[in-house]
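One structure is given below, encoded as structure tokens.
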Amino acid sequence: MFQRVLIVLAKLILRLRYRVRLIGSAEVAARGTSGILFLPNHPALMDPVILLAWLYRPFAPRFLADEEQVDRFFIRRAARWFGARTIPDTDRLSREIRPRVEAVLAECIA
């Protein structure tokens, strides 16, 4: 319920700045709504928000997110509400971090 309210609010706010056209989602959903990989077409921080707002109802996507980008009060909570999986920055890949990244990726694959 709370997620739906956030989605509606996000769409209203996003429409002030972006014109989003969702084309072909019905055809994709007709083949099944799980096991689909949605990729933004550029690394803007708003792309995951736009994808979530427009794809949440038919697909309920879960996101991979950079731990440092998500580590802000409201963003952290929203990421948890929508089931985002966080991974540490791979530029600083160390022996402690590698198993965490591999576990999250294995969860995504499963």
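The values are calculated or read from the model by the stated rules, or taken from the named source; none is laboratory data. The structure displayed is predicted, hence computed values, not measured ones. Glycine also receives a Cβ, built like all others from the backbone with ideal geometry; neighbour counts cover every protein chain displayed. In case anyone asks, the SASA skips ligands and DNA or RNA and just uses the protein heavy atoms, side chains included. Shrake-Rupley method; radii C 1.70, N 1.55, O 1.52, S 1.80 Å.
At a glance:
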item: The chain - percent relative contact order, Cα under 8 Å, separation 6 or more; result: 22
item: GNM result for the chain, Cα springs below 10 Å: residue of LEU22, LEU52, LEU14 fluctuating most strongly; result: LEU22
item: Accessible solvent surface per residue of the stretch 22-110, calculated while the other protein chains remain in place, 1.4 angstrom probe, Å²; result: 74
item: Karplus 3J(HN,Hα) series, Hz, for the stretch 62-68 with 6.51 cos²θ - 1.76 cosθ + 1.60 (x for Gly, Pro); result: 10, 10, 8, 9, 5, 3, 5
item: Contour excess over end-to-end distance, with Cα ends at ARG4 and ARG100 and 0.36 nm allotted per residue; result: 31.5 nm
item: From phi via Karplus (6.51, -1.76, 1.60), per-residue ³J(HN,Hα) for the stretch 43-55 in Hz, x at Gly/Pro; result: x, 6, 5, 7, 4, x, 5, 5, 4, 4, 4, 8, 9
item: The chain - mean residue ellipticity at 222 nm from DSSP helices (-39,500 (n - 2.57) per run, n ≥ 4, rounded to 500); result: -15500 deg cm²/dmol
item: Amide H within-cut-off set for THR86, under 5 Å, with H built and near neighbours excluded; result: ALA65
item: For the chain, built as a Gaussian network whose Cα springs stay under 10 Å, the top-fluctuating residue of VAL70, VAL49, VAL28; result: VAL28
item: Length gained when the stretch SER25-HIS42 is fully extended (0.36 nm per residue, less Cα-Cα span); result: 4.2 nm
item: Label point distance in nm, ASP89-ARG17, each placed 7 Å from Cα along Cα→Cβ; result: 2.3
item: Protein accessible area in the chain, 1.4 Å probe - carbon and sulfur %; result: 57
